[in-house]
Amino acid sequence: MPTPSMEDYIEQIYLLIESKGYARVSDIAENLSVHPSSVTKMVQKLDRDEYLTYEKYRGLMLTSKGKKIGKRLVFRHELLETFLEIIGVEQGNIYEEVEGIEHHLSWDSIDRIGDLVQYFEEDPSRRETLLQVHKRSEEDA
């Protein structure tokens, strides 16, 4: 199982490949706000652990194992963003909040959050009711 740091790289590589068709060390470094040398070291580790294949000066490709994990990590991130939005977290804080919690939740917890998100998405009036309750509690505070 990848470490939280490895997950961040796999997720970012997956997103870059999905959007651009490729992932370069410089793009990964920019998106994760790290030095290219740090990316190169991590990419070499991910290659050794068979999450991707890396050829120096040629680029990298996710293996089927890396793609599967990347897709699941992106799903987790998007699910947590939706969950925080549903419960009324201020939009400007959601990305940072997700970054802070995504590695600390078990996949069982993620599945339960998924069930809750599905419950609210099945009937939009449930979401409105929740937001009204939230507004009333803020007014009472």
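The values are calculated or read from the model by the stated rules, or taken from the named source; none is laboratory data. The model shown is predicted, which means the values in this text are computed figures rather than measured ones. Using ideal geometry, Cβ is built from the backbone for each residue, glycine included, and neighbour counts are taken over all protein chains shown. Surface accessibility is based on the protein's heavy atoms, side chains included, excluding ligands, DNA and RNA. Shrake-Rupley method; radii C 1.70, N 1.55, O 1.52, S 1.80 Å.
Backbone N atoms of segment 74-117 closer than 11 Å to the 7 Å Cα→Cβ label point of GLU18 belong to residues 74-79. Taking all protein chains as they are arranged and a probe of 1.4 Å, the heavy atoms of ASP111 leave approximately 70 Å² accessible to solvent. Using only the alpha-carbon atoms, how far is helix 124-140 inclined from the longest principal axis of the chain? Give it as 0 to 90 degrees, nearest 10. The angle comes out near 70 degrees. The heavy atoms of VAL43 present about 0 square angstrom of accessible area, all protein chains included, probe 1.4 Å. Within the chain, the longest segment free of exposed loop sites, counting GluC sites (Glu not before Pro) that fall outside DSSP classes H, G, I, E and B and have at most 16 other Cβ atoms within 10 Å, spans 91-141. Shown in residue order for segment 41-47 are the 3J(HN,Hα) couplings computed by the Karplus curve 6.51 cos²θ - 1.76 cosθ + 1.60 at θ = phi - 60°: 4, 5, 4, 5, 5, 5, 5 Hz (x for Gly and Pro).
FRET efficiency for the pair LYS41 and ARG136, taken as 1/(1 + (r/R0)^6) with r the Cβ-Cβ distance and R0 = 41 Å, rounds to 0.20. Give the residue from LEU105, GLY59, TYR9 lying farthest towards the positive end of the charge dipole for the chain; charges sit on Cβ (+1 for Lys and Arg, -1 for Asp and Glu) and the dipole is referred to the Cα centre. Highest projection toward the positive end goes to GLY59.
Rounded to the nearest 10 degrees, the angle from helix 91-101 to the longest Cα principal axis of the chain is 60 degrees. Over the chain, dividing the summed -39,500 (n - 2.57) contributions of all DSSP H runs of at least 4 residues by the number of residues returns a 222 nm mean residue ellipticity of -24500 deg cm²/dmol. Stretching GLN91 away from ARG58 to a fully extended chain increases their span by 8.0 nm, per 0.36 nm per residue minus the current alpha-carbon distance.
Could you tell me the relative contact order of the chain? Use alpha-carbon pairs under 8 Å, at least six residues apart, and round to a whole percent.
Details: 110 pairs, mean separation 26.9, N = 141.
Worked out over the chain, it gives 19 percent.
For LYS135, the aspartates and glutamates whose Cα falls under 19 Å of its own Cα, not counting residues fewer than eight places away in the same chain, are GLU85, GLU90. Taking amide H as placed 1.01 Å from N in the peptide plane, the amide H of LEU60 sits under 5 Å from that of ALA23, each at least 5 places away or on another chain.
Which values of log₁₀ I(q)/I(0), to two decimal places, follow from the Debye formula for segment 1-59 at q = 0.27 Å⁻¹ with a uniform point scatterer at every Cα? Normalising to I(0) and taking log10 leaves -1.31. Magnitude of the charge dipole for the chain, about its Cα centre and with charges confined to Cβ atoms of Lys, Arg (+1) and Asp, Glu (-1), is about 960 debye.
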